[in-house]
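Worksheet for the structure shown next.
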Amino acid sequence: MGISGGKDSAALAIYIKTKYPDLDIEYYTCDTGKELDETYQLIENLEVFLGKEIRKLRAVEDSHEDPFDHYLKRYGGFLPSSNSRWCTKKLKLEPFEHYVGVDSVVSYVGIRGDEEREGYISKKPNIQSIFPFRKNIWSEDVVAKALANTNRDVLVDIYHSLELEARSNRFEEILLIPAEQKFTQSHKLNTLLDLHVRDFNRLIFAFLQTTQYPLATESLFPLVDNDEVLVREDIFRILEESGVGIPAYYHKKDFAINGKKGQYSRSRSGCYFCFFQQKIEWIWLYEQHPERFAKAMEYEKDGYTWNQEERLDEMILPERMQQIKEDFIKKTSNAVSHSPFLLDILDEEEGVGCAACFI
Ligand code: SF4
């Protein structure tokens, strides 16, 4: 289980440890060397709760530089961006895949039940991702394979052979309907899940025994009985109740501009200079961690910038900061009637982020 330093993976570790104490989980975190202190603190708190070490994977072990700086040099100072995310690949995915090697591995990913995304996860055939917080715990490649039209009869045969909780003709009828434009595979998946989550999981788990997926070698997998769906509120509750706590950067701070009051925080873990952060989060960094902001500015040279439209030294000009804060106050006051969470507003770009860095 990868621990990004964000709220969702931390909550997942607590949830699985509490609910499935017999599962033998290894925890790891990929350290870019550029996380906020709050993130390292969360990882320490989690180690205490889990009673286990969270293995720190670094993309380069024998360099005097942090992994990020080491690779930045290799890339000739070319800063990563959402269109060119060499950082996620080199600093997160590759160290994990290198650590795993050729072993068969089940990787638990903390994407929540209220999110619409699969995340940026490893696609190696010996690594199978499981999403315990979602109604559908299976990865999209597993679903695509199991519900392929060519496998309809195979699935029905397996369905007949299983001991199930709620065998139904309707379930079987749905299994036999070909996925097509009018009844897509995702529609079919949701219909089956709505009929019976645990029976659907038993069916997929039995189907996996006919494949090369890592779970094919397991005779039991307790997660097939899990039909809980966890959403944002559950994540905060789990973190609070466990004593691990919410990462400190999520705590809202007050600010004022021209007599108007607002609140800001950071919405995700990851490198302090991450290009996925919103303008108001850069201002939060400037005001709450000025030394980190100054370091982020030092990276902007030779025409490379973290944001496409403006450099960081332009962003902190007084008029520009005022504008960013005012825009954010306007945005939050418009959105507040729709959501009680500041994080929802900051998080609206969450889907484009990466599972390896922010979950
Ligand atoms: S947090 Fe952002 S900058 Fe850091 S590795 Fe992830 S995507 Fe790249």
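The values are calculated or read from the model by the stated rules, or taken from the named source; none is laboratory data. For clarity, every value in this text was computed on a predicted model and none was experimentally measured. Every residue, glycine as well, gets a Cβ built from its backbone with ideal geometry; the counts of neighbours run over all protein chains shown.
Observations
- Among residues of segment 80-97, those that are more than 9 Å from the ligand (Cβ to nearest atom) and either assigned by TED's automatic domain parsing to the domain that holds Glu300 or assigned to a loop (DSSP other than H, G, I, E, B) (or both), counted: 1
- Those helices (runs of 4 or more DSSP H) of segment 281-338 in which 3 or more residues are surrounded by 13 or more Cβ atoms within 10 Å (Cβ to Cβ) occupy 290-298, 318-335.
- Meets criteria (surrounded by fewer than 16 Cβ atoms within 10 Å (Cβ to Cβ) and of a type outside the set (Val, Ile, Thr)) for Asn190: yes
- A residue that is under 20 Å from the mean Cα position of the chain (by Cα), free of Cβ contacts under 8 Å to residues at least 12 places away in the same chain and either away from the ligand (no atom under 16 Å from the Cβ) or in a loop (DSSP other than H, G, I, E, B) (or both) cannot be found anywhere in segment 262-270.
- Complete set of residues in segment 30-39 that are more than 12 Å from the ligand (Cβ to nearest atom) and in contact (Cβ under 8 Å) with a residue 24 or more places away in the chain: Glu38
- Of all residues in segment 49-56, none satisfies being among the hydrophobic types (A, V, I, L, M, F, W, C), part of a loop (DSSP other than H, G, I, E, B) and out of contact with any Ser or Thr (no Cβ under 6 Å at 6 or more places or on another chain).
- Residue within segment 57-73 that is in contact with a Cys (Cβ under 8 Å, 6 or more places away or on another chain), among the aliphatic types (A, V, I, L, M) and not assigned by TED's automatic domain parsing to the domain that holds Cys274 present: yes
- Within the set Glu218, Glu233, Glu172, the sole residue that is without any contact (Cβ under 8 Å) to a residue 24 or more places away in the chain and in the same structural domain as Ser107 (by TED's automatic domain parsing) turns out to be Glu233.
- When restricted to residues that are surrounded by 15 or more Cβ atoms within 10 Å (Cβ to Cβ) and in a helix (DSSP H, G or I), segment 57-79 contains 6.
- Selection status of Glu26, surrounded by fewer than 21 Cβ atoms within 10 Å (Cβ to Cβ) and at pLDDT 95 or above: yes
- Any hit, segment 244-260, residues being closer than 17 Å to Lys17 by Cα, in contact with a helix residue (DSSP H, G or I) (Cβ under 7 Å, 6 or more places away or on another chain), in contact (Cβ under 8 Å) with a residue 24 or more places away in the chain and away from the ligand (no atom under 16 Å from the Cβ): yes
- Evaluation of Phe131 against (1) farther than 29 Å from Arg311 by Cα; (2) surrounded by 15 or more Cβ atoms within 10 Å (Cβ to Cβ); (3) in contact (Cβ under 8 Å) with a residue 40 or more places away in the chain (one fails), failing number: (3)
- Inter-residue pairs, beta-carbon under 7 Å, first farther than 15 Å from Glu140 by Cβ and in segment 190-202, second charged (D, E, K, R) and part of a helix (DSSP H, G or I), 6+ apart: Leu195/Arg170; Arg198/Asp225
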